[in-house]
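Participant: Take this structure first; my questions come after.
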Amino acid sequence: MTDFLQLLFSGLSTGAIYGLAALGFTLLWQASGTINFAQGEFVMLPAFMMLAFMSFGAPLALSFALSVGLSVLVLGWLFKRGIVDPLFKYGMMPIVVATIGLSISMRSLIRAGYSAEASPFPSLFSDQIYNIAGVTVTLADVGTFALALALVFTTQAFMTKTVTGRAMQAVAQNTESASVLGINVPRMIFYAFAINAVLAVAAALLVTPTYLAKFDMGESLGNKAFFAAIIGGFNNSRGALLGGLIVGVCENLAAAYISPAYKDAVALVIFMVVILFKPQGLLGKKEERKV
Amino acid sequence: MKKFQILAWGIAAAILMIAPPFLKNYGIYLLSYWMVFIIATMGLNLTVGYAGQKSLGHAAFFGMGAYVVALMMKAGLSFWLGLPAAALICFVVGIILGFPALRVQTIYLAFATLGFNTAVWLVMRNEEWLTGGTYGINGIARPNFFGMSLEGNLAYYYLVLAATVIMGLLLLGLLRSPWGKAFTALRDNPIRAESLGINTRSYTLLSFAIGAAYAGIAGGLFASLVQFIEPAPFAVGSSIMMYLMVVVGGPGYFLGPVLGAAVGVILPEWLRFAQAWYLFVFGSAVVLLMIWLPDGLLSIPDRIRAKRLAREASAARAASAMGAKV
Amino acid sequence: MSTTRHHERTAGQPVLKVTGLKKAYGAIQAVGGVSFQVQPGEIFGVIGPNGSGKTTLFNSMLGQITPDEGKIELNGEDVTQLGPLELNRRGVGRTFQTLQVFGKMSVRDNLIVAAQEHQGSMFSRMFAPGDSGLGKRADALIDQFRIRHVADKKAGELSYGQQKLVDIAMAFMSQPDLVLLDEPCAGVNPSLVGGISTLLKQLNQNPQIGKHSSFVVIEHNMDFVMDLCHRIMVMVEGRVMAIGTPAEIRSNKQVLEAYLGS
């Protein structure tokens, strides 16, 4: 039983990070119909940004702040203006293909330009271990889970309780009506890209200490983010978190109780089951198929 | 066919037939490598380019074909038995993969095929008793052709070349037939297609199955070409590259795969010393290609034509406006 | 795959018979008990204000949605549960309100693909010659529609009006018993509407492809409907208000009040 709880807690921690990546992914999809195949690399790049800033002597907190700024600029504004806006009129697949190309080039840029090896990354949390009722839980697990959760709920609150957030939701649901109501649609869409960039940097901060900074760290994370977003509900923000947690926990449990070799298959299996039986996701709403 | 086209085909055929003996071993090997991927990409072009499906799991069939042939040859069976077996098995699995395609749309389908690829790759990697796991299968022989050994790179190249031509002609025949029109209708307007009596379900399944069979045959040829196979080249990354090869060449253009495979396979192999930078350039090129030429490189002539027609149309409009026709 | 539509038709049997059709969306009764018949060779118009249930009725007849209650019979066969594919195989053609041609194929190929699946089996067509023996029929329609000069162009390159003609021609290629026309004049230049009306009358009375089809037409253009149709059905709020000849409908007081205005 203690084993189970241990697996559960560490799974929740990993899952919360998947949730962060999935949330940004879902926001982009809702706001602009963009499927970002480079989402994993959007987490990878800030990790290296922070490493770069720290190598110039900046403390972690400052590096984080600077990376957030830089990411909003590059992964938010530049990405939107340079790639999404010009391709928007062609439909979804050109954007998908462009982000595939983007993910390849980002990965190769780091690999060729920086290093093919993994680099260590400082953790936010000290190596504290807690023992609660016989279950060993690290401070990192708890801290990661709490921070990720806090970020998701803050984003949720922002989307539902602020004027800007509600405007963003209006844009996501019905762009034409939103612009008729006087909402600055392009700016609202940009905010979605900006929030995605921020969440990505946060995810990088939380996940890199454990998995180390490497050019291909985004591959697996990106895949898991897609699956988590779809499992939870592709058009639903809360679903992203739920999907992430489910994937994180089930992966851990499956690795321990079934087979570690097939750990990566877990997200996949859940995903297949969901899209065949409830394609809109666990918390998602059915999208009408237009004739 | 126009004179220019006949001449171009003639020259290409001559080069492909005559030049190789003058190339070094590595050059011949590279050409064979390219041909193998042309076959695989042709199959994907049918599924994605002509039938409009989303398939990010093509490398799984490529791998299945390779493993079927490798395992059968290791068991003492002939290459010439293994190749059709590979095609048949991939065809059947392709139909099975097509079923989710009937229920699930666009991006969800893309992810489903991606998932399928991952599952197949995991089996290849983990089930050592069957596939040799990460150690793979080595010592795959080259076949004999009516007693003549195809051991050498040059001899095997001619086999691969012949296979490419045959598969290409078959595909051309298929695309020129009513099936070609049905696939195009399925791609461009499935609802209208259905209302015209086109069985979109069957054609969807077949587009996956035929594409898969092509990949299977390519995989079988690949196995004997490289003579050592392991799971890595059959993972999702390869499927994505194959998809990009179709896109770069031009989806729905018959010769797209030739161009796409060249860009996706020959160039990086040739420039292997700078592989990471090559991939960077390739990835960036894909992004730029989408912005400027979303229909692929072979769409350039069509684009020029469209621009010319648009110019003529607006000139005609301007002329009739000035001519004050009632 | 054999078609099943060429069974014997008893004399006087209507091509289409709709009985008591009902379809509700939640609390809204879109179609509340509609019955009518269409005779062979007849042009039958369906008119009514927006929200009268015309589209829902149409979609039911086309197999796009399944009605809650009621029966749809095609040449005496119950086809209520069938989908668009089976209906087309049984002799139902349709046009769409928004243009739905295959832009990347030539006009001629558009017509050929519109009927190729109606003969032989799928496998007999594999590697077969591209026009499936339908070249003559396609040419006949092309001539009747007067689009010979653009026949080899890609359909997407034609003007809106020309594409509309191709769209309509495609519905007739498979020689259907019944053709459902969904707002054939939508978005069409008023100067072309008369041409479409003449064309449809020709197709009905003297089709070059040798098959007298019945038409069901939904349209908002009153002049067009009155001029073209043999009989007209007026729908209001999901129910049939009146069925009759154009003259009868034009002088029907109820209809005038509810719909046509004075």
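The values are calculated or read from the model by the stated rules, or taken from the named source; none is laboratory data. Since we're looking at a predicted model, the values are computed, not measured. We place every Cβ from the backbone using ideal geometry, glycine too, and count neighbours over all the protein chains shown.
Participant: Being touching a helix residue (DSSP H, G or I) at 6+ places or on another chain (Cβ under 9 Å), under 25 Å from C:Gly41 (Cβ atoms) and outside any loop (DSSP other than H, G, I, E, B) is the filter here, so list the residues in the range C:118-166 that pass it.
Facilitator: C:His118, C:Arg137, C:Ala138, C:Asp139, C:Leu141, C:Ile142, C:Gln144, C:Lys164, C:Leu165, C:Val166
Residue-by-condition table, conditions (1) free of Cβ contacts under 8 Å to residues at least 60 places away in the same chain; (2) surrounded by fewer than 22 Cβ atoms within 10 Å (Cβ to Cβ); (3) not in a loop (DSSP other than H, G, I, E, B):
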{"position": "B:Lys54", "(1), (2), (3)": "yes, no, no"}
{"position": "B:Ala59", "(1), (2), (3)": "no, no, yes"}
{"position": "B:Val69", "(1), (2), (3)": "no, no, yes"}
{"position": "B:Pro84", "(1), (2), (3)": "yes, yes, yes"}
{"position": "B:Gly94", "(1), (2), (3)": "no, no, yes"}
{"position": "B:Ala112", "(1), (2), (3)": "yes, no, yes"}
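Participant: Anything in the range B:268-284 that is in contact (Cβ under 8 Å) with a residue 12 or more places away in the chain and either closer than 13 Å to B:Val248 by Cβ or among the hydroxyl-bearing types (Ser, Thr, Tyr) (or both)? List them, or say none.
Facilitator: B:Pro268, B:Phe282
Participant: Then there is this: Against the definition (away from chain B (no Cβ under 12 Å), assigned to a strand (DSSP E or B) and surrounded by fewer than 20 Cβ atoms within 10 Å (Cβ to Cβ)), how does C:Lys71 come out, yes or no?
Facilitator: Yes: the conditions hold for C:Lys71.
Participant: Hey, another quick one. Determine whether C:Arg89 is basic (Lys, Arg) and in contact with a Ser or Thr (Cβ under 7 Å, 6 or more places away or on another chain).
Facilitator: yes
Participant: State whether one or more residues within the range B:239-255 are surrounded by fewer than 20 Cβ atoms within 10 Å (Cβ to Cβ) and at pLDDT below 85.
Facilitator: no
Residue-by-condition table, conditions (1) facing another protein chain (nearest Cβ under 9 Å); (2) buried (at least 21 other Cβ atoms within 10 Å of the Cβ); (3) closer than 29 Å to B:Phe183 by Cβ:
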site	(1), (2), (3)
C:Asn59	yes, no, yes
C:Leu87	yes, yes, yes
C:Arg94	yes, yes, yes
C:Gln97	no, no, yes
C:Lys104	yes, no, yes
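Participant: Counting just the residues of the range C:106-116 that are without any contact (Cβ under 8 Å) to a residue 60 or more places away in the chain and at the interface with another protein chain (Cβ under 7 Å from one of its Cβ atoms), which one comes out farthest from the chain's Cα centre (by Cα)?
Facilitator: Ranking the qualifying residues of the range C:106-116, first place goes to C:Asp109.
Participant: Residue by residue through the range B:34-52, note down the ones that are surrounded by fewer than 24 Cβ atoms within 10 Å (Cβ to Cβ) and over 14 Å from B:Gly260 (Cβ atoms).
Facilitator: Within the range B:34-52, just B:Gly52 meets the criteria.
Participant: Let me ask another. Could you tell me whether the range C:159-169 includes any residue that is more than 18 Å from C:Gly103 (Cα to Cα) and either modelled with pLDDT of 85 or more or more than 14 Å from chain B (Cβ to nearest Cβ) (or both)?
Facilitator: No, because not a single residue in the range C:159-169 is more than 18 Å from C:Gly103 (Cα to Cα) and either modelled with pLDDT of 85 or more or more than 14 Å from chain B (Cβ to nearest Cβ) (or both).
Participant: Could you list, in sequence order, the residues of the range A:96-146 that are more than 14 Å from chain B (Cβ to nearest Cβ), under 20 Å from the mean Cα position of the chain (by Cα) and part of a helix (DSSP H, G or I)?
Facilitator: Of everything in the range A:96-146, those that are more than 14 Å from chain B (Cβ to nearest Cβ), under 20 Å from the mean Cα position of the chain (by Cα) and part of a helix (DSSP H, G or I) turn out to be A:Ala140, A:Asp141, A:Val142, A:Gly143, A:Thr144, A:Phe145, A:Ala146.
Participant: Out of all the residues in the range A:74-95, which are within 23 Å of B:Gln105 (Cα to Cα) and either facing chain B (nearest Cβ under 7 Å) or of a type outside the set (A, V, I, L, M, F, W, C) (or both)?
Facilitator: A:Leu87, A:Lys89, A:Tyr90, A:Gly91, A:Met92, A:Pro94
Participant: Taking the options A:Val171, A:Val249, A:Val207, A:Val180, name whichever one is among the β-branched types (Val, Ile, Thr), modelled with pLDDT of 85 or more and more than 13 Å from the chain's Cα centre (by Cα). Before you say what the answer is, go through the steps one by one.
Facilitator: Numbers: A:Val171 fails: modelled with pLDDT of 85 or more; A:Val207 fails: more than 13 Å from the chain's Cα centre (by Cα); A:Val180 fails: modelled with pLDDT of 85 or more.
Step by step, each of A:Val171, A:Val249, A:Val207, A:Val180 is checked, and only A:Val249 is among the β-branched types (Val, Ile, Thr), modelled with pLDDT of 85 or more and more than 13 Å from the chain's Cα centre (by Cα).
Participant: I've got another one for you. What about A:Met93, is it modelled with pLDDT under 90 and either polar (S, T, N, Q) or buried (at least 18 other Cβ atoms within 10 Å of the Cβ) (or both)? Spell out how you get there, then give the answer.
Facilitator: Working: modelled with pLDDT under 90: yes; either polar (S, T, N, Q) or buried (at least 18 other Cβ atoms within 10 Å of the Cβ) (or both): yes.
For A:Met93, the condition - modelled with pLDDT under 90 and either polar (S, T, N, Q) or buried (at least 18 other Cβ atoms within 10 Å of the Cβ) (or both) - is met.
Participant: Please give the helices (runs of 4 or more DSSP H) falling wholly within the range C:179-262 in which 2 or more residues are under 12 Å from C:Ile43 (Cα atoms). Steps first, please.
Facilitator: Values: elements: C:190-205, C:222-228, C:246-250.
By residue number, C:190-205, C:222-228.
Participant: Among residues belonging to the range C:117-146 that are buried (at least 19 other Cβ atoms within 10 Å of the Cβ) and among the hydrophobic types (A, V, I, L, M, F, W, C), point out the one that is nearest to the other protein chains (Cβ to nearest Cβ).
Facilitator: Here the residue is C:Leu134.
Participant: Let me ask something additional. Answer with yes or no whether B:Leu16 is modelled with pLDDT under 95, assigned to a helix (DSSP H, G or I) and surrounded by 11 or more Cβ atoms within 10 Å (Cβ to Cβ).
Facilitator: Spelling it out, B:Leu16 is indeed modelled with pLDDT under 95, assigned to a helix (DSSP H, G or I) and surrounded by 11 or more Cβ atoms within 10 Å (Cβ to Cβ).
For (1) hydrophobic (A, V, I, L, M, F, W, C); (2) touching a strand residue (DSSP E or B) at 6+ places or on another chain (Cβ under 8 Å); (3) more than 11 Å from chain A (Cβ to nearest Cβ), each residue gets a yes or a no:
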| residue | (1), (2), (3) |
| --- | --- |
| B:Ala101 | yes, no, yes |
| B:Val104 | yes, no, no |
| B:Ala110 | yes, no, no |
| B:Leu122 | yes, no, no |
| B:Asn126 | no, no, no |
| B:Gly136 | no, yes, yes |
| B:Gly139 | no, yes, yes |
| B:Arg142 | no, yes, yes |
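Participant: Follow-up. Output the residue which, of all residues in the range C:83-101 that are under 17 Å from C:His118 (Cβ atoms) and assigned to a loop (DSSP other than H, G, I, E, B), is nearest to the chain's Cα centre (by Cα). It would help to see each step written out before you state the result.
Facilitator: Just the residues of the range C:83-101 that are under 17 Å from C:His118 (Cβ atoms), to begin with: C:83-94.
Subsequent filtering for residues that are assigned to a loop (DSSP other than H, G, I, E, B) retains C:83, C:90-91.
On the way: C:Gly83: 16, C:Arg90: 14, C:Gly91: 11 Å.
Going through the qualifying residues, I end up with C:Gly91.
Participant: Determine, yes or no, whether A:Ala240 is under 13 Å from the mean Cα position of the chain (by Cα) and not hydroxyl-bearing (Ser, Thr, Tyr).
Facilitator: Yes: the conditions hold for A:Ala240.
Participant: What is the number of the single condition among (1) crowded, with 21+ Cβ neighbours inside 10 Å; (2) under 30 Å from B:Lys54 (Cα atoms) that A:Thr155 does not meet?
Facilitator: Result: A:Thr155 passes all but (2).
Participant: Considering (1) within 24 Å of B:Thr134 (Cα to Cα); (2) assigned to a helix (DSSP H, G or I); (3) of a type outside the set (Gly, Ala, Ser); (4) touching a Leu at 6+ places or on another chain (Cβ under 9 Å), say which one B:Met42 fails and leave the rest.
Facilitator: The single condition B:Met42 does not satisfy is (1).
Participant: Also, I was wondering about something else. For B:Phe145, only one of the following conditions fails: (1) at pLDDT 90 or above; (2) surrounded by fewer than 17 Cβ atoms within 10 Å (Cβ to Cβ); (3) touching a Leu at 6+ places or on another chain (Cβ under 8 Å). What is its number?
Facilitator: Every condition holds for B:Phe145 apart from (1).
Participant: For B:Pro268, indicate whether it is more than 9 Å from every other protein chain (Cβ to nearest Cβ) and surrounded by 14 or more Cβ atoms within 10 Å (Cβ to Cβ).
Facilitator: It is true that B:Pro268 is more than 9 Å from every other protein chain (Cβ to nearest Cβ) and surrounded by 14 or more Cβ atoms within 10 Å (Cβ to Cβ).
Participant: Looking only at the range B:168-184, which residues are surrounded by fewer than 17 Cβ atoms within 10 Å (Cβ to Cβ) and either touching a helix residue (DSSP H, G or I) at 6+ places or on another chain (Cβ under 6 Å) or among the basic types (Lys, Arg) (or both)?
Facilitator: Selection gives B:Arg176 alone.
Participant: For the range B:276-326, name all the residues that are part of a loop (DSSP other than H, G, I, E, B) and either polar (S, T, N, Q) or surrounded by 14 or more Cβ atoms within 10 Å (Cβ to Cβ) (or both).
Facilitator: Scanning the range B:276-326 gives B:Leu293, B:Pro294, B:Asp295, B:Gly296.
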